[in-house]
Amino acid sequence: MKIDTREMAKVEATAEGAGRVDLYVGIHKALRALMVDVLVAVGRMDTEDESEFDWVSSRVLQLADFCTDHLMHENEFVHGAMEVCQPGSSERIAQEHLEHGDAIARLQGAVQQMRACQGAQRAREALVLYRQLALFIAHNFEHMHTEETAHNQVLWAHHSDEELMALHGRLVASLPPEENLFTLRWMIPAMTPAERLQVLGGMQAHAPAPAFAAALDVVQPHLDLRGWAKLSRGLGLTPVAGLVEV
């Protein structure tokens, strides 16, 4: 594999922004974790098991819907902020978002095609979907890298951390509760302990108590004992009976 030194330079330049508010890091960790999990599920799916087949194919459609919503949020909130301060700075990624919309529609079509088949033909269509999904994810990984490097440089150059936090707050406030919980389910387990504490500590301080409790209920089953213990300590929660502190 040939290493692109220009891309490595972008990574190093972005590392210089460590400590700045990063609008992309959390949601992109969630997307990467979800995408890989769904891809693995499709790759090992038993197409003769109707219950498993229905569940896995519905997960692909769920991923497609989540990606569509994500594109819309970035277009409205992040690209809007970039264009005000540096016109044209989001143009490349905005064009890729249009292409991703088309790719998402093709994924949805592939799922429907697969669902219409039986037996050996269903298995063949499942393999087609698997490979199509793998290419979609590969392109998205490159796409997210550009956002995390080039876009962050624009955002950091023209916005203070307070302004970026306010932008993030407006974006999160626009999400329906079910989308917010789904995002937390995939984002929090994919984060470092410090990142988890920052996100959920903010919720603990500012969100209504029922919303914070719902977030913990969604997240806890997907953390191991060590991760949950660290988070519980950081949030000052009552220790769970039988949980060994680590």
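The values are calculated or read from the model by the stated rules, or taken from the named source; none is laboratory data. The shown structure was predicted, so the numbers you read here are calculated from the model rather than taken from an experiment. Cβ atoms come from the backbone with ideal geometry, glycine included; neighbour counts cover every protein chain shown. Note: accessible area is taken over every heavy atom of the protein model, side chains too, but ligands, DNA and RNA are not part of it. Shrake-Rupley method; radii C 1.70, N 1.55, O 1.52, S 1.80 Å.
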All positions within segment 28-49 that are touching a helix residue (DSSP H, G or I) at 6+ places or on another chain (Cβ under 8 Å), surrounded by fewer than 17 Cβ atoms within 10 Å (Cβ to Cβ) and of a type in the set (Val, Ile, Thr): Val36
Complete set of residues in segment 65-108 that are more than 18 Å from the chain's Cα centre (by Cα) and in contact (Cβ under 8 Å) with a residue 60 or more places away in the chain: Ala81, Met82, Cys85, Gln86, Ser89, Ser90
Inter-residue pairs, beta-carbon under 7 Å, first in contact (Cβ under 8 Å) with a residue 12 or more places away in the chain and in segment 30-50, second of a type in the set (Lys, Arg), 6+ apart: Val38/Arg59; Ala41/Arg59; Thr47/Arg122
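Considering Met72, Met8, Met35, which residue is more than 20 Å from Ser160 (Cα to Cα) and at pLDDT below 95?
Met8
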Filter pass, Gln121 being open to solvent by 50 Å² or more (accessible area, probe 1.4 Å), touching a Leu at 6+ places or on another chain (Cβ under 7 Å) and assigned to a helix (DSSP H, G or I): no
Segment 211-239 residues that are farther than 21 Å from Ala173 by Cβ and touching a residue at least 24 places away in the same chain (Cβ under 8 Å), paired with ones that are of a type in the set (D, E, K, R) and buried (at least 17 other Cβ atoms within 10 Å of the Cβ) (beta carbon under 7 Å, 6 or more apart): His222/Arg185; Leu231/Arg196
